[in-house]
Each structure stands twice: as structure tokens, then as C-alpha cells.
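J.: Once you've had a glance at the structure underneath, I'll fire off some questions.
Coordinate-derived values only; no laboratory data. None of the values given here were measured: they were computed from a predicted structure. Cβ placement follows ideal geometry from the backbone for every residue including glycine, while neighbour counts extend to all protein chains displayed.
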Ligand code: MG
């Protein structure tokens with residue numbers, strides 16, 4: 001069973017699905033050579049993608065280009081369907097730091113052929129997460145620095161104020177297609193600076209001033 005752990009109480013909340021947004025920071029969209037999308041680009045990761053701190057990222061043998069993407073993740077509280085962006089705050093229960101690990105070689109091949117990204121984005125362990133912080137004030141989500149270092153060298157640095165679609169807009173858009181259930185996670189996209197990981201790398205990532213994690217790639 002995959003779950004989210006709360007930082008304050010260590011309470012566990014089962015995770016059903018992970019809905020992720022691509023190309024939600026203009027600087028990352030540009031580095032990927034993609035045109036600015038007119039609506040959010042969504043994909044899914046299964047709950048088996050979750051990886052908790054204390055476990056290594058095992059380099060998947062099916063790729064030669066594993067990329068890091070540091071992201072803000074939203075944890076859904078009450079179930080929602082077809083909600084408006086102005087109502088979406090009511091359903092965002094908590095937030096966490098996540099990596100959207102990507103098999104970039106498989107994803108590039110899939111993009112070229114117009115095929116889905118399921119394997120490139122949804123493989124086992126493709127979503128390392130921190131513990132979750134309960135959301136008291138939704139305004140917190142609009143100004144969170146997020147960044148990632150590999151072996152002490154800074155690779156990614158961004159701020160959620162630069163998101164193309166806000167957290168509320170992403171939840172609203174996703175809920176047009178998927179009923180979002182308690183414990184589901186919505187990943188909100190990555191800023192520029194994505195890049196390759198190799199075995200032996202030590203990853204440090206952070207979100208705001210209070211959330212951080214470390215993962216080893218083996
Ligand atoms: Mg991503």
C-alpha cells in the first residue's frame with residue numbers, strides 16, 4: 001500500500017493516484033523545446049511510483065537517461081469532481097516535496113512517435129516524496145522556493161510564483177477528467193534545470209524553508 005506520511009503526527013494517508021502536470025513553468029517548457037501549451041498537460045503515475053525517504057532511488061535498468069524534476073505536490077483531502085479554480089482550495093489538504101523522475105530517452109522516443117508517456121513517467125519509484133505538511137493557508141502555495149542539488153551542485157531553482165497554471169487551476173482542470181480522491185497527489189510541474197542522474201549521485205531537494213529531503217541513486 002502506498003501512502004503519504006504527515007510531518008506533524010506521522011499519520012499515514014493511503015495514496016490512490018498521482019496526477020501530474022507537465023510544462024507548468026515557462027523556463028522549463030523552453031528548455032524542452034516545447035511550444036507553450038494552451039491548457040495544462042496532464043499525465044499519471046500509479047501509486048506504486050511512490051518512494052519514501054530512507055530508500056534509495058534504484059537506477060532503472062530500462063533507461064540510459066534518468067532525469068530529475070523537482071516539484072511541489074498537493075495532497076487532496078475531500079473528494080472532488082468538476083470543481084472551479086475558486087473552490088479548489090477547499091480540496092487541497094496538504095503539500096509535499098516530490099521528484100517527478102523521468103526516463104527521458106523513453107519519453108523523447110514516445111513524443112516523436114506520438115505515443116503515451118506511461119512507462120517513461122510511471123515506473124516503480126518514479127515519485128520520491130517528503131512527508132506532508134498540512135495546508136493552513138492556501139496563500140503559502142503561491143510563493144514557495146523549490147530547488148535541487150546533485151552532489152552539492154545546484155541544478156534546479158525556482159519559485160511557485162512562476163507556475164503557468166496555479167495549484168487551484170490545476171486541481172480544477174484535473175477534476176474535469178478524474179475524480180480526485182482523498183490521498184491523491186497532484187504534481188505541479190518543474191522549473192528549468194532538469195538533468196541526468198547517474199549511480200552514486202546524492203540528491204538534495206527543498207521546498208520553502210521547512211521541507212527538504214535527500215536520496216541516493218544506486
Ligand atoms: Mg514533471
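J.: Given (1) over 14 Å from the mean Cα position of the chain (by Cα); (2) crowded, with 23+ Cβ neighbours inside 10 Å; (3) within 16 Å of the ligand (Cβ to nearest atom), where does residue 88 come up short, assuming only one miss?
T.: All conditions pass for residue 88, except number (3).
J.: Residues in the stretch 95-110: is at least one under 18 Å from the mean Cα position of the chain (by Cα), over 18 Å from residue 189 (Cα atoms), away from the ligand (no atom under 14 Å from the Cβ) and in a strand (DSSP E or B)?
T.: Among the residues of the stretch 95-110, not one is under 18 Å from the mean Cα position of the chain (by Cα), over 18 Å from residue 189 (Cα atoms), away from the ligand (no atom under 14 Å from the Cβ) and in a strand (DSSP E or B), which makes the answer no.
J.: Consider the stretch 111-142. How many of its residues are more than 16 Å from the ligand (Cβ to nearest atom), surrounded by fewer than 19 Cβ atoms within 10 Å (Cβ to Cβ) and under 21 Å from residue 23 (Cβ atoms)?
T.: Result for the stretch 111-142: 5.
J.: Taking strands (runs of 3 or more DSSP E) that fall entirely within the stretch 11-66, which contain at least 1 residues that are within 16 Å of the ligand (Cβ to nearest atom), free of Cβ contacts under 8 Å to residues at least 24 places away in the same chain and under 17 Å from the mean Cα position of the chain (by Cα)?
T.: Working: elements: 12-14, 17-22, 41-46, 50-52.
Per the criteria, 41-46.
J.: Exactly one condition in (1) closer than 11 Å to residue 71 by Cβ; (2) in contact with a strand residue (DSSP E or B) (Cβ under 6 Å, 6 or more places away or on another chain) is false for residue 101; which is it?
T.: Just one mismatch for residue 101, condition (2).
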